[in-house]
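The values are calculated or read from the model by the stated rules, or taken from the named source; none is laboratory data. Remember, it's a predicted structure, so these values are computed and weren't measured experimentally. Because the Cβ atoms are built from the backbone with ideal geometry, glycine has one as well, and the counts that use them run over all protein chains shown.
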Amino acid sequence: MDDESEVVVKRMLTQSGEDAAENENGILNLIKTEILHKDLKPLNIFVDIEGRMRLANFAISRVLKEDEATDFTDPKGTPNWMPAEVIESINRNEKCRFKKKSDVQVAGMIALFISTQAKHPFGFSPDCMGNILKGNPVNLGNLDDLHARQFITRLISHEINDRPYAHEALEHSFLNNNRYNFCYM
């Protein structure tokens, strides 16, 4: 990943502004709140003339109540930019359990997409959604930076319980420029 891509990815994931209502928060900061976006994709991220990233299209988003952790709903989203659990619900023709970690997976997809200059981590149609379902990130190897790859691998994990919560991802050394503050497992 070149330095410019790394800066863009970090800004997209972490940028926080003074007014969340103006969508100035980075994706992970948004997910850290009680908002489920449910339609994250590159086309919903804008950069204003001052270089601030803005998240758009909250049409199918939902604000969770204080005691909620899941939105039980019909599966929605944009093909190729849906988390595995939403695709599974579509295939089973049943309601979906959309959680905060669902948005985390797609945030990771977008991060790799930007880092690799428009290579979707799971390939392109017609194989993309199948690869998401299988947990097969075919383009992860295009990311040369090992630290970034380890971070994004956690974000895009097929198993929802293996993904970090947004607040955990925000503490990751990749986002905090401390490349040596992580352990190998």
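So, in region 65-83, how many residues would count as being touching a strand residue (DSSP E or B) at 6+ places or on another chain (Cβ under 7 Å), of a type outside the set (Asp, Glu) and buried (at least 16 other Cβ atoms within 10 Å of the Cβ)?
Count: 2.
Search region 63-88 for residues being aliphatic (A, V, I, L, M) and over 15 Å from the mean Cα position of the chain (by Cα), and hand back the single one that is nearest to Lys100 (Cα to Cα).
Result: Ala69.
Mind listing whichever residues of region 122-180 are more than 22 Å from Ile35 (Cβ to Cβ), acidic (Asp, Glu) and without any contact (Cβ under 8 Å) to a residue 12 or more places away in the chain?
If the condition is that a residue be more than 22 Å from Ile35 (Cβ to Cβ), acidic (Asp, Glu) and without any contact (Cβ under 8 Å) to a residue 12 or more places away in the chain, then Asp127, Asp162 are the ones that fit.
Considering region 64-96 alone, what residues qualify as being outside any loop (DSSP other than H, G, I, E, B) and either closer than 22 Å to Thr153 by Cα or of a type in the set (Asp, Glu) (or both)?
The initial filter retains those residues of region 64-96 that are outside any loop (DSSP other than H, G, I, E, B), namely 70-73, 84-92, 96.
The answer is Asp71, Ala84, Glu85, Val86, Ile87, Glu88.
Going by the structure shown, is Met12 touching a strand residue (DSSP E or B) at 6+ places or on another chain (Cβ under 8 Å) and either at pLDDT 65 or above or assigned to a loop (DSSP other than H, G, I, E, B) (or both)? I'd like the intermediate steps shown before the answer.
Details: touching a strand residue (DSSP E or B) at 6+ places or on another chain (Cβ under 8 Å): yes; either at pLDDT 65 or above or assigned to a loop (DSSP other than H, G, I, E, B) (or both): yes.
Considered against the rule, which asks whether it is touching a strand residue (DSSP E or B) at 6+ places or on another chain (Cβ under 8 Å) and either at pLDDT 65 or above or assigned to a loop (DSSP other than H, G, I, E, B) (or both), Met12 comes out as yes.
Among what's in region 89-123 and is hydroxyl-bearing (Ser, Thr, Tyr) and surrounded by 22 or more Cβ atoms within 10 Å (Cβ to Cβ), pick the residue that is modelled with the highest pLDDT.
Of everything passing the filter in region 89-123, Ser102 is modelled with the highest pLDDT.
Right, Lys134: of a type in the set (Lys, Arg) and either touching a His at 6+ places or on another chain (Cβ under 6 Å) or under 16 Å from Lys41 (Cβ atoms) (or both) or not?
Here the answer is no, as Lys134 does not meet what is asked.
For residues in region 124-167 being of a type in the set (A, V, I, L, M, F, W, C) and either at positive phi or in a loop (DSSP other than H, G, I, E, B) (or both), which is surrounded by the most Cβ atoms within 10 Å (Cβ to Cβ)?
Step by step, filter region 124-167, then rank; the result is Ile156.
State whether the residues of region 35-45 include one that is in a strand (DSSP E or B), surrounded by 13 or more Cβ atoms within 10 Å (Cβ to Cβ) and either touching a Lys or Arg at 6+ places or on another chain (Cβ under 6 Å) or at pLDDT below 65 (or both).
Yes, the conditions are met somewhere in region 35-45.
Against the definition (under 17 Å from Lys41 (Cβ atoms), buried (at least 20 other Cβ atoms within 10 Å of the Cβ) and in contact (Cβ under 8 Å) with a residue 60 or more places away in the chain), how does Val86 come out, yes or no?
No, not satisfied.
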